[in-house]
Each structure stands twice: as structure tokens, then as C-alpha cells.
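Trainee: This is the structure, below, for whatever I ask next.
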Amino acid sequence: MPKCPECDADVTVGADAVKGEIVACPDCGAELEVTEISPVALALAPEEEEDWGE
């Protein structure tokens, strides 16, 4: 089971997960991005940046 890189909690990822999918850590609430499928690897999701109407 993959671990949250922020708090080291176990994170459940569905069997149908796809690379780039965003999941939330059940303990700390961090947004995590699925970076690999087999085995499942997680990384902190990049923060959305303001586009200032561009």
C-alpha cells in the first residue's frame, strides 16, 4: 500500500487508478498525484497557480 509523502499514512488507491490521478490522504488531507501504477507511487500534487485571466 502506498504511503503519503507528507505524513507517512497508508493511502488507498483504487485498482482502476491512472497515472496523473489526484487522490487525498485520509490523515492529513494532502492532495497526492499517482506517479506510477505498478507498483503504485504517490507524490505531492503540484499546486494550482493563478492564471490571472490569461
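Trainee: Is there any pair with a first residue in the stretch 20-46 that is closer than 11 Å to K3 by Cβ and modelled with pLDDT under 95 and a second that is assigned to a loop (DSSP other than H, G, I, E, B) and β-branched (V, I, T) whose Cβ atoms are under 8 Å apart and which are 6 or more apart or on different chains, and what are they?
Mentor: Here the result reads V40/V13, each pair linking the stretch 20-46 to a residue that is assigned to a loop (DSSP other than H, G, I, E, B) and β-branched (V, I, T).
Trainee: So which residues in the stretch 20-47 are in contact with an Asp or Glu (Cβ under 7 Å, 6 or more places away or on another chain), exposed (fewer than 14 other Cβ atoms within 10 Å of the Cβ), part of a loop (DSSP other than H, G, I, E, B) and of a type outside the set (G, A, S)?
Mentor: C28
Trainee: Mind listing just one residue for me: the one in the stretch 9-19 that is without any contact (Cβ under 8 Å) to a residue 12 or more places away in the chain and either under 19 Å from E47 (Cβ atoms) or of a type outside the set (D, E, K, R) (or both) and, of those, surrounded by the most Cβ atoms within 10 Å (Cβ to Cβ)?
Mentor: This residue is G14.
The values are calculated or read from the model by the stated rules, or taken from the named source; none is laboratory data. From a predicted model like this one, the values you see are computed outputs, not experimental measurements. Here the Cβ is made from the backbone with ideal geometry for all residues, glycine too, and neighbour counts use every protein chain on show.
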